[in-house]
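Report on the structure given below.
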Amino acid sequence: TGKGPPDLEAGIRLAQRYDFIHATAGVHPHDASKAGPETFEALRELLRQRKVAAVGEIGLDYHYNFSPQATQRQVFAEQLKLAREAGLPVVIHTREAWEDTLALIKENWDARIGGVFHCFAGGPLEAEQVLELGFHVSFSGMVTFSKAGQVQEAARVVPRNRLLIETDAPYLAPVPHRGKRNEPAYMALTARKLAGLRGESFEEVADVTSGNFLAL
């Protein structure tokens, strides 16, 4: 996943070194106050690169408010438009800003392009809202936490063709590694938990989520 500004190309540089890695590019809501017209012009150019698979993480974060909320909204809307122009999916970060996030997506996004709600932390109702907007729902190690009942309920109702899993490494390591440094190998634990919640086999979840990623 990309970062910045000022360094929007952080993920792309790594992707260019390895055939099996792709990258995203975008301005995280924490960094929204650093973005200006030159940032959006640079991003427009980066989105033309072959190894850039999506725009993100983009969205709103009202928990930390590292950037003013109004600035976050403006930068989020601008990036949704750039992604729509490029025909690329978006990776959505939202924290304590659910209604504003959905409103801006409805105003600025094309559901036919698709995208993913990253590290989904809502319940079944929020999952249905995301699905109605044409998005995939991605579950992290959070789904293994004992107090994540709403997230687990959401994991049960997401259709197979919209289900994704992710690491969010180095954060959100699944049980029994919770609180430690996360890494991609632990994604198997997230998949096993999802399989149990959904009454499916580990192999089914692995195959379905891999296929969904490639389709998206």
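Determine the calculated [θ] at 222 nm for the chain from helices alone, applying -39500 (n - 2.57) to every DSSP H run no shorter than 4 residues and normalising by the residue count; nearest 500 deg cm²/dmol.
-13000 deg cm²/dmol
Calculated accessible area for segment 1-154 comes out at 46 Å² per residue, all protein chains present (probe 1.4 Å; ligands, DNA, RNA ignored). Each other residue within a Cβ distance under 15 Å of Arg50 adds +1 if Lys or Arg and -1 if Asp or Glu, for a net charge of +1. Could you compute the longest span of the chain free of trypsin sites (Lys or Arg not before Pro) located in DSSP loops and having at most 12 other Cβ atoms within 10 Å, not counting the site residues? Result, exposed sites excluded: 51-111. Its residue count N sets the reference 2.2 N^0.38 Å, and the alpha-carbon radius of gyration of the chain equals 0.98 times that reference. Set the Cα radius of gyration of segment 82-133 against 2.2 N^0.38 Å, with N its number of residues, and you get 1.09.
Would you tally the net charge around Leu102, using a Cβ to Cβ cut-off of less than 11 Å, leaving Leu102 out, and scoring K and R as +1, D and E as -1?
-4
Which pairs, out of Lys51/Lys180; Lys34/Lys147; Lys3/Lys81; Lys3/Lys147; Lys147/Lys180, put more than 26 Å between their alpha-carbon atoms? Pairs exceeding the cut-off: Lys51/Lys180; Lys34/Lys147; Lys3/Lys147. Within the accessible area of segment 1-123, what % is carbon and sulfur when the probe is 1.4 Å and the other protein chains stay in place? About 49 percent, which is the carbon plus sulfur part of the accessible surface.
Positive end of the dipole of the chain (Cβ unit charges, origin at the Cα centre): among Ala32, Val116, Thr101, the Cα lying farthest that way belongs to Val116. Site-free segments of the chain were taken between chymotrypsin sites (Phe, Trp or Tyr not before Pro) in DSSP loops having at most 10 other Cβ atoms within 10 Å, sites themselves excluded; the longest one is 65-216. Computed over the alpha-carbon pairs of segment 177-216, the distance histogram in 10 Å steps reads 28, 48, 24, 1 percent, short to long. The share of C-alpha pairs in segment 104-216 whose separation exceeds 17 Å stands at 51 percent.
Within a Cβ distance under 14 Å of Thr1, other residues only, what is the Lys/Arg minus Asp/Glu net charge?
-3
The values are calculated or read from the model by the stated rules, or taken from the named source; none is laboratory data. Everything numeric here is computed off the predicted structure, so don't read it as measured data. Positions of Cβ are generated from backbone atoms using ideal geometry, with glycine treated the same way; all protein chains shown enter the neighbour counts. Protein only, heavy atoms only, side chains kept; ligands, DNA and RNA dropped before computing areas. Shrake-Rupley method; radii C 1.70, N 1.55, O 1.52, S 1.80 Å.
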